[in-house]
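Data block below; observations after.
The values are calculated or read from the model by the stated rules, or taken from the named source; none is laboratory data. Since the model is a prediction, treat every value here as computed from it, not as a measurement. Cβ coordinates were reconstructed from backbone atoms using ideal geometry, including for glycine residues, and neighbour counts include every protein chain displayed. Calculation scope for accessible area: heavy atoms of the full protein, side chains included, ligands and nucleic acids excluded. Shrake-Rupley method; radii C 1.70, N 1.55, O 1.52, S 1.80 Å.
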Amino acid sequence: MASPHVTGFFDEPTNTFSYVIRDPQSNSCAIIDSVLDFDYPSGRTDVRSANQIIHYIQSQHLVVEWILETHVHADHLSAAPYLQAQLGGKTAIGENIVIVQDTFGEAFNAGNEFARDGSQFDRLFAEGDTFSIGQLEGYVMHTPGHTPACLTYVIGDTAFVGDTLFMPDYGTARCDFPGGNAKTLYHSIQKVLSLPDSTRLFLCHDYKAPGRENFVNQTSVLEQRNNNIHVHEGISEEDFVRMRTERDATLGMPALILPAVQVNMRGGEMPSPEENGQVYLKVPINLF
């Protein structure tokens, strides 16, 4: 089985890992879950994190074939349009982005100028779809539950699980966002854990579980099946749903959810400028 070369980039303010996946037989690569830096108090964006990825890709003389999103992130803004402008490649996300766009397009009163058909992306993936990174072959697993559009990208002996799973000592994704469902997440996790034991799982986030001092982004199917505190082998669907529902009821909203969703449902683009030429992001009052 092919073993792609994986390089991670960590954005500590949002606890996000982005990845460059390289075909070891060529200079082809893909980017997964990029970050656009955003200072909420000032409303200013920056491309420091994206530029680190660009510098790495250019220094290694790589060619970007894909800029992939595992889902519509609620905790960071995507840098996909900036990266595509600098490096090329096709953008992609799950086909159920249209469900997210319908839900949040209405919530933010986005207007008719906001297309709710996923057309902001070059490719909408469905369960079982395949793609290539040079000579590497990848395929898509639809793993909803955290959001309706969540995907896991399986590439050789690796899988990129987005927010579906965290490190075994931290557990699993929340399911209380619109369209989330704990029962659905349980079954999505079982799909991931049906991959070969040695499959390397790369995570989108880490929050350093109590007692652990370092950020970690890689685990395996076997480690998750044996040790995940929320969903290790022997945990029933009923037990998981009860735990996840009770835990989610105690969680606050992610700090960047309001700006992040507005941007990411547009494929990383900002809303259109208003009459004065200024771009604005909305804060719905008492909605969520």
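Assorted remarks:
- Residues being farther than 18 Å from N181 by Cα and either outside any strand (DSSP E or B) or charged (D, E, K, R) (or both) - total across segment 46-94: 34
- Within segment 250-278, the residues that satisfy the criterion of being surrounded by 11 or more Cβ atoms within 10 Å (Cβ to Cβ) and of a type in the set (A, V, I, L, M) are M253, A255, L256, I257, L258, A260, V261, V263, M265, M270.
- Scanning segment 194-218 for residues that are closer than 27 Å to T250 by Cα and surrounded by 18 or more Cβ atoms within 10 Å (Cβ to Cβ) yields a total of 6.
- Applying the criterion of being outside any loop (DSSP other than H, G, I, E, B), touching a Cys at 6+ places or on another chain (Cβ under 9 Å) and of a type outside the set (V, I, T) to the residues of segment 205-264, the residue that is farthest from F38 (Cα to Cα) is R244.
- A Cβ distance below 6 Å, combined with a sequence gap of six or more or placement on separate chains, defines the contacts here; from segment 100-113, residues that are in contact (Cβ under 8 Å) with a residue 60 or more places away in the chain reach residues that are assigned to a helix (DSSP H, G or I) in the pairs F104/V261; F108/Q262.
- Those residues of segment 23-45 which are buried (at least 22 other Cβ atoms within 10 Å of the Cβ) and either part of a strand (DSSP E or B) or aromatic (F, W, Y) (or both), in sequence order: C29, A30, I31, I32, L36
- Qualifying positions in segment 1-22 - of a type outside the set (S, T, N, Q), open to solvent by less than 30 Å² (accessible area, probe 1.4 Å) and over 16 Å from V154 (Cα atoms): D11, F17
- The set of residues in segment 174-204 being of a type in the set (A, V, I, L, M, F, W, C), modelled with pLDDT of 95 or more and in a loop (DSSP other than H, G, I, E, B) consists of C175, L193, L195, L203, C204.
- Of all the numbered requirements in (1) open to solvent by 40 Å² or more (accessible area, probe 1.4 Å); (2) closer than 30 Å to E95 by Cβ; (3) in contact with a Gly (Cβ under 7 Å, 6 or more places away or on another chain), K191 misses one, and that requirement is (3).
- Among residues of segment 257-278 that are at positive phi, those with a Cβ under 8 angstrom from a residue that is of a type in the set (A, V, I, L, M, F, W, C), sequence gap 6+ or separate chain, pair up as G267/A80; G267/I93; G267/F121; G268/L36; G268/L77; G268/A79; G268/A80.
- Test result for D117, acidic (D, E), open to solvent by 40 Å² or more (accessible area, probe 1.4 Å), assigned to a helix (DSSP H, G or I) and at pLDDT 95 or above: no
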